[in-house]
Amino acid sequence: MTTLITQTIAKVVVPLCVFLSISLLLTGHDQPGGGFIGGVMFATAISLLYISFGLDDSKKFFNPDWSLYFGFGLLLATAAGIGSIIAGYNLLRTDYTYLQLPLFGEVELSSAIVFDIGVYLVVIGGLLFIFKKMGED
Amino acid sequence: MSSILLSFALTFMAFTLVPCIYRLIKGPTLSDRVVALDAMAMVIVVILGVYSYVRDSVFFMDVALVLAIIAFVGTIAIAKYIDKGVVF
């Protein structure tokens, strides 16, 4: 537990960091960003939560098993690579299409986003698993 | 005119990093080094903002935002380590 100022700032900053990480993840395939830096931003936000509220108090209302995220992300990234072989192309071949969404207009939908989501889950799972294990000692 | 002002601002901010590096190397205590590193990160964030205007590209703003957040969380973590002896 730290002071009230840090906890109040953390309540404002943590949702903004999570939104920035999702924004970096979704724009990652043709603009700056991507799965790795999005995962680092998410791990930064959750570690700010752990630092300002303490690990023991954070675990009372928010206690996921981060190693499951690591494994699921690695499975998803591998499936994104193998899936293109099954479809008859080279390893990690990507394709894209354009969707017409209401309220957003034309949106580019790329299949590289599956690999990026896998990298995102691997990074948040690995970093937060290490932080939590080191904090529990 | 604007380019002269921006060049002067970038040069001045680059020289502002020198006392920060001096305090980072020389600093007697750990707190001095933490404050110097935080000031250095903030100066680099402002340099990236000005450079984004010079190069007319919005992509440097992403770098500035990410660097600002990571420097903030790092400073808070080291502050809690100095105060309590544990980070989490």
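Here are a few things to note about the model shown:
- Comparing A:L16, B:M13, A:G105 along the charge dipole axis of the protein assembly as shown, the residue lying farthest to the positive side is B:M13, per the Cβ-charge model.
- Averaged per residue, chain A has 59 square angstrom of accessible surface, using a 1.4 angstrom probe with ligands and nucleic acids left out.
- Distance from the Cα centroid of segment B:19-88 to that of segment A:93-137 is 27 Å (rounded to whole angstrom).
- Top of A:G88, A:G126, A:G33 by mean-square fluctuation, Gaussian network on chain A, Cα under 10 Å: A:G88
- Local net charge near A:V40, Cβ-Cβ under 14 Å (Lys/Arg +1, Asp/Glu -1): -2
- Count Lys and Arg as plus one, Asp and Glu as minus one, and take only other residues whose Cβ is under 9 Å from that of A:T2; the net charge is then +1.
The values are calculated or read from the model by the stated rules, or taken from the named source; none is laboratory data. What you are looking at is a predicted structure, and each value in this text was computed from that prediction instead of being measured. Positions of Cβ are generated from backbone atoms using ideal geometry, with glycine treated the same way; all protein chains shown enter the neighbour counts. Side chains are part of the model used for accessible areas, which takes the heavy atoms of the whole protein and leaves out ligands, DNA and RNA. Shrake-Rupley method; radii C 1.70, N 1.55, O 1.52, S 1.80 Å.
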